[in-house]
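Engineer: Questions regarding the structure given below will be posed in turn.
Every number here is computed from the coordinates shown, using simple stated rules; none is lab data. Treat the numbers as computed from the prediction; the structure is a model and nothing was measured. Heads up, the Cβs are rebuilt from the backbone with ideal geometry, glycines too, and the neighbour counts pull from every protein chain shown.
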Amino acid sequence: MKVVVFDTNVLLDLFVFNDFRALHLKQALIEGKIDALATPNTLEEFADVIARPLFSLDEVQQEQIRQQWHGLARIMDDKNLAKAPWICQDLDDQVFLDLAYTAKPCILISKDNAVLRFANQAAKEQVLITADYNAAIL
């Protein structure tokens, strides 16, 4: 089973937008074919993002989404994360890099260019950083 970290934008595709490009990933998660990792900090960030008026989700919908993701993810304590040797300008994104680095070998699926720019360096550390939604299934 592949260990995968999803950044917040990918989680939005999976749980809010139900993006057709991500449906196979969501199915793999539900079927337990992917070991998806999260931390309390990443869960909190996702909760903060889906609460924004932009997404027009009421509190019940937000709670359902939070519970679904929480039920599918393996939660690691933020205090146990190793610091990745790659430092992201956006501190909210750093936790995803640290989580993937801690869990290596691992796949980090992200749509964020600030994260994707570390792909070559991360590959040397057995961390595949990619925007490819098929990477976790192959």
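Engineer: Please report the projected area of segment 1-126's Cα convex hull averaged over all directions, in nm². Don't skip to the end; give the middle numbers.
Structural biologist: On the way: hull surface 30.2 nm².
One quarter of the hull surface, i.e. the mean projection, equals 7.5 nm².
Engineer: Next question. Mind listing the phi-derived Karplus ³J(HN,Hα) values for segment 17-28, rounded to whole Hz, using 6.51, -1.76 and 1.60 with θ = phi - 60°, and x for any glycine or proline?
Structural biologist: 8, 6, 4, 4, 5, 10, 4, 5, 5, 4, 5, 4
Engineer: Once amide H atoms are placed 1.01 Å from N in the peptide plane, what residues at a sequence separation of 5 or more from Leu108, or on another chain, have their amide H within under 5 Å of its amide H?
Structural biologist: Amide H neighbours of Leu108: Val5, Leu128, Ile129, Thr130.
Engineer: May I ask you to order 101-107, 58-64, 130-136 by the average number of other C-beta atoms within 10 Å around their residues, highest value first?
Structural biologist: Details: 101-107: 18.6, 58-64: 11.3, 130-136: 16.4.
Put in order of decreasing packing, that is 101-107, 130-136, 58-64.
Engineer: Just to check I understand the Karplus step: with θ = phi - 60° and J = 6.51 cos²θ - 1.76 cosθ + 1.60, what whole-Hz values come out for segment 78-93, glycine and proline as x?
Structural biologist: 4, 5, 8, 7, 7, 6, 5, x, 10, 10, 8, 4, 8, 4, 5, 8
Engineer: Near Asn134, within a Cβ-to-Cβ distance under 12 Å, what is the net charge of the other residues, with Lys and Arg +1 and Asp and Glu -1? Don't skip to the end; give the middle numbers.
Structural biologist: Numbers: positive: Lys2, Arg21; negative: Asp132.
Value of the local net charge: +1.
Engineer: Then there is this: Amide H neighbours of Ala36 under 5 Å, at least 5 residues apart or on other chains, H built in the peptide plane: list them.
Structural biologist: Under 5 Å from the amide H of Ala36 lie the amide H atoms of Val4, Arg74, each far enough along the sequence or on another chain.
Engineer: Explain nothing, just compute: Karplus ³J(HN,Hα) = 6.51 cos²θ - 1.76 cosθ + 1.60, θ = phi - 60°, for every residue of segment 56-62 in order, whole Hz, x for Gly and Pro.
Structural biologist: So the J values, rounded to whole Hz, are 6, 9, 6, 4, 5, 4, 4.
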